[in-house]
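Please read the structure below before turning to the comments.
Taken together, the values in this text are just the output of simple stated rules run on the coordinates, not laboratory data. From a predicted model like this one, the values you see are computed outputs, not experimental measurements. Neighbour counts are summed over all protein chains in view; Cβ atoms, including those assigned to glycine, are modelled from backbone coordinates with ideal geometry.
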Amino acid sequence: MKHFTNRYMLLYSLALVAVLAVVLSVTAVALKPREERNRQIEQQQMILKTIGLECAKSETAQAYDRHITEAQCDGQTYYRYDCDGRQGIILPLHGTGLWGPIWGYLALDCSDNVVGAVFDHKGETPGLGGEIATDKFAQRFVGKCMDEHPIYLIKNADKKNPYQVDAISGGTMTSNGVTQMLEEGYFDYVKIKENTAK
């Protein structure tokens, strides 16, 4: 039976680790453009979903180019949509939930009414804060208004109140995070409207 010295085993291990590190680095660099493209498509799909368009991955870019225009206000990107005679603004939202980042998009028509919404998160608890990523939660925003006041989440919301949305049961911190990003989004929206009115 062949015996290897400690020095040989150490050098062999170091060489193996170095080769694996190079292979992993090359793979990561090679896959980065694909990863970026997938992230871009996912973002475009979320934006399109706010106006009721759900597309296959292969059709997303074409639908996005046809219906969405990117615009800037005070250095921040927002989106304009034009789809089936409907026009308005899609507002990007960013915030912090209980366990990390939360984000979403809110589509508003020319009368400041919400026509669609979509939200997502990085690590909220499934069944609790993670509920923000469901269609059921997003539907609560349709028909609400951003004309004079931000939309906010509250327990037992008055469904007739144009600014109130039912908070997530058991997800207080996530609900607070959504309310905060909606408030920030409202002030961004006011700036956008002022900028376009000039």
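Among the listed pairs K155/K193; K32/K155; K49/K193; K57/K160; K160/K191, those with a Cα-Cα distance over 32 Å are K32/K155; K57/K160. Which one of A138, N6, A30 has its Cα pushed farthest toward the positive end of the charge dipole of the chain, where Lys and Arg give +1 and Asp and Glu give -1 at the Cβ? Of A138, N6, A30, it is N6.
Rounded to the nearest 20, the Cβ-based charge dipole of the stretch 1-99 about its Cα centre (Lys and Arg +1, Asp and Glu -1) stands at 660 debye. Assuming charge only on the beta carbon of Lys and Arg (+1) and of Asp and Glu (-1), the dipole of the chain about its Cα centre is about 880 debye to the nearest 20. Compare L91, L14, L106 in a GNM of the chain, Cα atoms joined below 10 Å, and give the one with the largest fluctuation. Evaluated over the chain, the most mobile residue of the options is L14.
When the inverse distances between all different Cα atoms of the stretch 1-66 are averaged and flipped, the Kirkwood radius reads 15.6 angstrom.
Between S175, Q76, T196, the Cα set farthest toward the positive side of the dipole of the stretch 68-197 (charges on each charged residue's Cβ, about the Cα centre) is that of S175. Checking (i) 11.0; (ii) 14.6; (iii) 17.4 against the coordinates, the calculated mean projected area of the Cα convex hull in nm² falls under label (iii). Applying 0.36 nm per residue to the separation of E54 and A28 and subtracting their alpha-carbon distance, the gain on full extension is 6.3 nm. Who wins for biggest fluctuation among A138, A21, A56 in a Gaussian network model of the chain, springs between alpha carbons below 10 Å? Highest fluctuation among the options: A21. The distance between label points at D82 and A61 comes to 2.2 nm (points 7 Å beyond Cα on the Cα→Cβ vector).
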